[in-house]
Structure formats: structure tokens, C-alpha cells
Amino acid sequence: MRTTRDELITVKDLESFKEELKDFLTLLFSHTGKGLLQNEDQFLKSKEVMKLLSCSAGTLHTMRINEKIPAKKIGGVWYYSKNAISKVLNEHE
């Protein structure tokens with residue numbers, strides 16, 4: 001099987017991956033020094049956040065754009081701090 005020109009990885013692809021990996025590792029080891037590795041439920045994905053807040057994907061997107069909820073996109077997946085979500089829930093009680 002031959003590799004076509006469109007299947008080759010470019011330097012730009014590698015640089016992009018490097019930045020995503022760096023962001024991911026920062027996320028893992030950040031937040032009160034414990035990081036995601038020691039507290040597995042510290043970060044949530046979009047579906048989990050939408051369920052907790054009873055909101056749509058559009059509303060969550062708006063909250064993220066308006067910086068009401070801090071989030072980090074890694075490899076095409078948005079991650080949200082569980083503490084930030086709890087803060088939003090407590091503000092709206």
C-alpha cells in the first residue's frame with residue numbers, strides 16, 4: 001500500500017499537535033496542584049456540563065464565548081472545570 005501525498009504529516013501538523021499536547025498536559029497538572037490524574041472527576045466534557053446545567057449546546061457555547069465558564073479545547077474536545085461549573089450552579093440558586 002502506497003502513502004499518498006495527502007496522507008503525509010506536515011511540520012505544521014506536528015506543531016499543532018505539540019501545542020495541543022502541551023495544553024493537555026498543563027490541564028492535567030494544573031488546578032490546585034493536584035491535576036486531573038489525581039482527581040479524575042475534576043474536569044467535565046460538554047455533554048456532562050449540559051446535563052448538569054440543563055442547557056443546550058448553543059447555550060453552553062454562548063457561556064463559553066462570554067467567559068462565564070472557563071473551558072479548554074484539547075484535540076477537538078472541550079473540557080470544563082468542575083469547580084467552575086459548581087460556582088455557576090451556586091450563583092443561580
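Return the long-range amide H neighbours of Ile74 (sequence gap of 5 or more, or a different chain), with a cut-off of under 5 Å between placed amide H atoms.
Placed amide hydrogens put Tyr79 under 5 Å from Ile74.
How do Glu91, Glu67 rank by accessible surface area computed with a 1.4 Å probe, from largest to smallest?
From most accessible down to least: Glu67, Glu91.
Within 10 Å of each candidate Cβ there may be at most 15 other Cβ atoms; applying that plus a DSSP loop requirement, which trypsin sites (Lys or Arg not before Pro) in region 64-93 survive?
Hits after loop and neighbour filter: Lys68.
Return the long-range amide H neighbours of Phe29 (sequence gap of 5 or more, or a different chain), with a cut-off of under 5 Å between placed amide H atoms.
For Phe29, the qualifying residues are Leu36.
In what order, largest first, do Asp23, Asp13 sit by accessible area if the probe radius is 1.4 Å?
Asp13, Asp23
The values are calculated or read from the model by the stated rules, or taken from the named source; none is laboratory data. Given the structure is predicted, the values throughout are model-derived calculations rather than measurements. So basically every Cβ, Gly included, is an ideal-geometry build from the backbone, and we count neighbours across all protein chains shown. What goes into the accessible areas is simple: the full protein's heavy atoms, side chains included, and nothing from ligands, DNA or RNA. Shrake-Rupley method; radii C 1.70, N 1.55, O 1.52, S 1.80 Å.
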